[in-house]
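See structure below.
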Amino acid sequence: MGSAAITVTGLHKRFGKTHALRGLDLTVDGGTVCGLLGPNGAGKTTAVRVLATLAAPTAGHASVAGYDVVRRPDEVRHRIGFTGQHAALDEGITGRQNLRLLGRLRHLGARGARQRADELLERFDLADAADRLVRTYSGGMRRRLDMIASLITRPEVLFLDEPTTGLDPRSRNEIWATVRQLADDGTTVLLTTQYLDEADQLADDIVVVDHGIVIASGSPDELKEAIGVRVEATLADAAHLESTARILRGLTGCLPTIEADEQRVSANTGGGRTVSLPRLVRELDAAGVDAVDVALRRPSLDEVFLTLTGDNEKSLA
């Protein structure tokens, strides 16, 4: 982990009347994986496009690998890799030919392109399929090849825009292993994803964006701790849901959620409060509430996301 590889200050981007970014601030340390999360329309893809010099900001400042994305876009492009949501491969040639072609286009020369292609194919376990046409690859293999194609010039910073969308669990695990290898090698990775478990598994830090601004940031553990422990009580009688909700609100300081179908009431602890199971059981007993189950558990990243964005109908994309 070194100095900042990505620095964004007060970034704005307008598309006509649409204000996609509204003063975005972001810092990503070198050699780390940063997960950029947010609901539909939050500004994630717009931010990545600006950082990759594919779109110009309306206002603000952004630098990647030490270079301003507006003043020195060519220097930025020489130091980054980009993998979009759809594979950018020629399916009519082999995996090896794809990588060699990209190497020649990036001025590695014929020999350099051959060596780099062979190195990447071997390192990321695609050597056995290297001489097959890409159209015969599985979805996971295509995605992996597309990702390593962006590494042909050894980028300092790699942008991954939803790299595992539509992949089966085995293929997702292969992509995760690839991302971990890159981070171990010192590559800085900015990852957008619609899978919160993916961010939880891969990201050193997570930045949550909504309405074009950062609303929270920190490690996955820090974000989970920030919304507190989840207190749950499952009841034998639905008639006690409201009284249980009052008890949980008094203990946690937060508004509980009532799941009538499951006969369950839950709430996060707030304001640094702690709740013990014995105290919860005593208060339920005192109120005459028959609880089938009580539990304290750590929130998932999904719950963190929904709490931060404040709308259970929002989704990631």
Carbon plus sulfur, as percent of the 1.4 Å-probe accessible area of the chain, comes to 46 percent
At R0 = 30 Å the Cβ-Cβ FRET efficiency linking Gln115 and Leu54, nearest 0.05, sits at 0.55
Once phi is turned into ³J(HN,Hα) by the Karplus curve 6.51 cos²θ - 1.76 cosθ + 1.60 with θ = phi - 60°, what whole-Hz value does each residue of region 225-233 show in order, with x for glycine and proline? 5, 5, 9, x, 7, 8, 9, 10, 9
If packing is taken as the mean number of other Cβ atoms within 10 Å per residue, what is the order of 153-165, 237-249, highest first? 153-165, 237-249
Would you list, by chain and number, the aspartates and glutamates whose Cα falls below 18 Å from the Cα of Lys17, excluding same-chain residues fewer than 8 positions away? Asp210
Taking the Cα centre of each part, how many Å lie between region 26-101 and region 147-209? 13 Å
How long are the three semi-axes of the equivalent ellipsoid for region 162-317, computed from the Cα gyration tensor as the root of 5 times each eigenvalue, in whole Å, largest first? 36, 16, 14
Enter the accessible area per residue of region 83-122 (Å², integer; probe 1.4 Å; all protein chains in place). 59 Å²
If you split all Cα-Cα distances of region 43-143 into 5 Å bins from zero, what percentages do you get per bin, shortest first? 2, 12, 18, 17, 16, 14, 12, 6, 2, 0
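The values are calculated or read from the model by the stated rules, or taken from the named source; none is laboratory data. This is a predicted model, so every value here is computed, not measured. Neighbour counts run over all protein chains shown; Cβ positions are idealised from the backbone, glycine included. To get the accessible areas, we keep the full protein, side chains included, count just its heavy atoms, and leave off ligands, DNA and RNA. Shrake-Rupley method; radii C 1.70, N 1.55, O 1.52, S 1.80 Å.
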